[in-house]
Amino acid sequence: MLAQVHFPQSLSGEELDRYLSEGWFRMGQTIFTTNFLNFKQQFYSAIWLRIRLKECAPTRLEEKLIRLNSGFSVELTKAKIDQEKENLFARYRAQVSFEPSSSLQALLFGRATENVFDTLEVTVRDNGKLIGCGFFDLGKKSTAGISSFYDPDYKKHSLGKFLIHQKILFSRDRGYEFFYPGYFVPGYSPFDYKLKIYPTAQEYFDLATSRWQPMHQFSADETPLAVMHRKLEALSQQLKSLQVPSSILRYEFYDANLVPDLSHMELFDFAVFLQYFDFFENAINSLVVYDVRDQRYHWMIVKSVWKSDQLAQADDSYAAHLLKVEEEVISATDATEMAEILAMAIRSKVFSQKLG
């Protein structure tokens with residue numbers, strides 16, 4: 001699945017290492033993975049990052065941050081939520097451009113009360129006043145940065161970056177191999193700051209190969225979403241040459257599997273698909289996706305599990321139904337081959353709409 005969430009009742013260090021190495025991350029007391037994001041009605045790829053700690057040589061940024069914050073006291077302890085931290089988080093939350101969790105309690109625990117993660121906190125104080133705080137989880141060989149927040153009055157001290165560096169320095173000095181800072185989003189700048197943290201030691205998770213690759217090999221033109229669009233556009237052009245109309249649509253419920261009550265349903269989770277005739281209400285329909293993981297087109301039969309009242313965000317968006325895959329009809333590596341299969345099926349009426 002491209003979007004999944006698990007609800008561990010317990011989690012060993014080795015288990016957390018495995019999840020992180022496969023592009024998963026913490027969310028409350030769950031652990032999840034996703035590969036697509038929607039910000040301001042625009043779809044993006046989520047690219048997971050990690051840092052090889054043994055290669056974190058001192059940088060000018062690290063030296064600048066240490067010098068800039070040398071007058072503050074830094075303490076690292078077991079994580080604990082209290083009113084002082086909640087108040088600081090509320091101040092931070094009020095001035096950021098994105099929508100963070102409603103509280104620290106919601107961020108770290110959600111609806112749960114027990115912590116299945118081994119979580120530490122790093123705090124920064126100015127003469128006793130709490131001005132910055134960050135949380136991170138410990139695996140056996142890996143650590144994962146969860147959140148950093150700070151007093152807006154100290155913005156010029158780059159406390160967000162300073163807190164991340166403190167987590168990394170702790171992890172490196174204690175022999176951990178990897179630090180996972182979450183994802184960055186090509187084309188969406190609020191996450192670009194992560195790329196400046198020990199850039200020569202960074203790797204990204206390549207969904208197409210399920211392997212971590214050096215960051216210098218990354219290309220924004222080869223993100224999963226970019227490749228899917230390009231491949232579906234090629235298929236659409238081939239269908240056009242065969243007088244078969246089609247359209248490429250963004251699926252607004254691509255992350256429905258992350259909703260706890262829906263997580264067991266294994267819903268359709270591609271962010272973009274090709275529709276080669278109109279969808280029918282109360283019917284089983286078919287569509288085509290391109291999967292970067294096996295580099296193949298897939299002709300799928302899908303059904304609606306819920307009719308939505310939500311309006312599509314744009315003409316190229318689909319939000320009428322929550323979809324589930326009924327079956328896969330056929331797959332192909334080549335756009336010409338897939339177009340010919342679809343055209344032949346339509347003309348010979350091999351596939352017809354089936355009323356639900």
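The values are calculated or read from the model by the stated rules, or taken from the named source; none is laboratory data. These numbers come from a predicted model, not from an experiment. Positions of Cβ are generated from backbone atoms using ideal geometry, with glycine treated the same way; all protein chains shown enter the neighbour counts. For the accessible areas, the whole protein counts, side chains as well, though only heavy atoms, and no ligand, DNA or RNA atoms are used. Shrake-Rupley method; radii C 1.70, N 1.55, O 1.52, S 1.80 Å.
Filter the stretch 24-78 for residues that are on the phi < 0 side of the Ramachandran plot, out of contact with any Leu (no Cβ under 6 Å at 6 or more places or on another chain) and of a type in the set (Gly, Ala, Ser) and give the result.
Residues satisfying the conditions are 57, 70, 71, 73.
Consider the stretch 313-329. How many of its residues are part of a loop (DSSP other than H, G, I, E, B) and either in contact with a helix residue (DSSP H, G or I) (Cβ under 8 Å, 6 or more places away or on another chain) or surrounded by fewer than 15 Cβ atoms within 10 Å (Cβ to Cβ) (or both)?
3
Please determine, by comparing only the residues of the stretch 229-250 that are touching a residue at least 40 places away in the same chain (Cβ under 8 Å) and touching a Ser or Thr at 6+ places or on another chain (Cβ under 8 Å), which one is most open to solvent (accessible area, probe 1.4 Å).
238
Please list, ordered by residue number, the strands (runs of 3 or more DSSP E) wholly in the stretch 211-299 having 2 or more residues that are more than 24 Å from residue 21 (Cβ to Cβ) and of a type in the set (Ser, Thr, Tyr).
247-251, 283-291
Report whether or not residue 111 is within 16 Å of residue 133 (Cα to Cα) and either under 24 Å from the mean Cα position of the chain (by Cα) or of a type in the set (Gly, Ala, Ser) (or both).
no
Would you tally the residues in the stretch 34-43 being over 11 Å from the mean Cα position of the chain (by Cα) and open to solvent by 20 Å² or more (accessible area, probe 1.4 Å)?
Count: 4.
Pull out all pairs, ordered by first then second residue, where Cβ-Cβ is under 8 Å, the residues are six or more apart or on different chains, the first lies in the stretch 93-118 and is at positive phi, and the second is open to solvent by 40 Å² or more (accessible area, probe 1.4 Å) and modelled with pLDDT of 80 or more.
From the stretch 93-118, the pairs are 110/27.
Here is a yes/no grid of residues against (1) open to solvent by less than 30 Å² (accessible area, probe 1.4 Å); (2) not aliphatic (A, V, I, L, M):
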residue	(1), (2)
1	no, no
6	no, yes
13	yes, yes
24	yes, yes
27	no, no
32	yes, yes
46	yes, no
58	no, yes
62	yes, yes
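With respect to residue 109, is the statement that it is of a type in the set (Phe, Trp, Tyr) and at pLDDT below 95 true?
For residue 109, the condition - of a type in the set (Phe, Trp, Tyr) and at pLDDT below 95 - is met.
Which count do you get for residues in the stretch 173-194 that are touching a helix residue (DSSP H, G or I) at 6+ places or on another chain (Cβ under 9 Å) and either touching a residue at least 40 places away in the same chain (Cβ under 8 Å) or β-branched (Val, Ile, Thr) (or both)?
13
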